[in-house]
1. What is the spin-label model distance, in nm, from Gln22 to Asn42 if the labels are put 7 Å beyond Cα along the C-beta direction?
2. Report the local net charge at Glu36: Lys and Arg +1, Asp and Glu -1, summed over other residues whose C-beta lies under 12 Å from its C-beta.
3. Using the Karplus curve 6.51 cos²θ - 1.76 cosθ + 1.60 with θ = phi - 60°, what ³J(HN,Hα) values do you get for each residue of segment 9-18, in whole Hz, with x for Gly and Pro?
4. Once neighbouring chains are kept in place and the probe is 1.4 Å, which whole percent of the accessible area of segment 27-71 is contributed by carbon and sulfur?
5. Relative to the present Cα-Cα distance, how much length would full extension add between Ser32 and Ala62 at 0.36 nm per residue of separation?
6. Find the accessible area per residue for segment 3-73; the probe is 1.4 Å, ligands and nucleic acids are left out, and the unit is Å².
7. Ranking request for peptides 49-58, 34-43: highest mean number of other beta-carbon atoms within 10 Å first, then the rest in descending order.
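The values are calculated or read from the model by the stated rules, or taken from the named source; none is laboratory data. Note that the coordinates shown come from a computational prediction; the quantities given were computed from them, not determined experimentally. In this analysis, Cβ positions are derived from the backbone assuming ideal geometry, glycine residues included, and neighbour counts consider all displayed protein chains. Ligands, DNA and RNA are stripped out before the accessible areas are found, and what is left, the full protein with its side chains, is counted by its heavy atoms. Shrake-Rupley method; radii C 1.70, N 1.55, O 1.52, S 1.80 Å.
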Amino acid sequence: MVANSSGVSLERLAVKVLLKLQAEPGQWTARSLARELGETANRVNRIVLAIEAEIGVERDGAYGNLRVLGAGSAGGSDAGTV
């Protein structure tokens, strides 16, 4: 298990996490995504919780695979409207 973070800012890591989750819905757990990105599970989980609070995240069980909810994740028809 990775003992420290990769040195990437939290904002940049959040972008990476969100893009991965949107590109491959249901393929990642927070822990597996952290391993893939070379990050700690705590940092990735903190980002997943922030995404969940903003637009929603669906999990398969308590520690299951993640899917981002909301118009931004599916390219909904209201994308770009104010």
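1. Between Gln22 and Asn42, the simple spin-label model gives 2.9 nm.
2. Working: positive: Lys16, Lys20, Arg31, Arg35; negative: Glu24, Glu39.
Every neighbour counted, the sum reads +2.
3. Result, rounded to whole Hz: 4, 4, 5, 5, 5, 4, 4, 4, 5, 4.
4. Working: 1230 of 2540 Å².
Exposed carbon and sulfur together represent 48 percent of the surface.
5. Working: separation 30, 0.36 × 30 = 10.80 nm, distance 1.43 nm.
Gain in length upon complete extension: 9.4 nm.
6. Working: 4170 Å² over 71 residues.
So segment 3-73 comes to 59 Å² accessible per residue, rounded to a whole number.
7. Working: 49-58: 14.2, 34-43: 17.2.
The densest-packed peptide leads the list: 34-43, 49-58.
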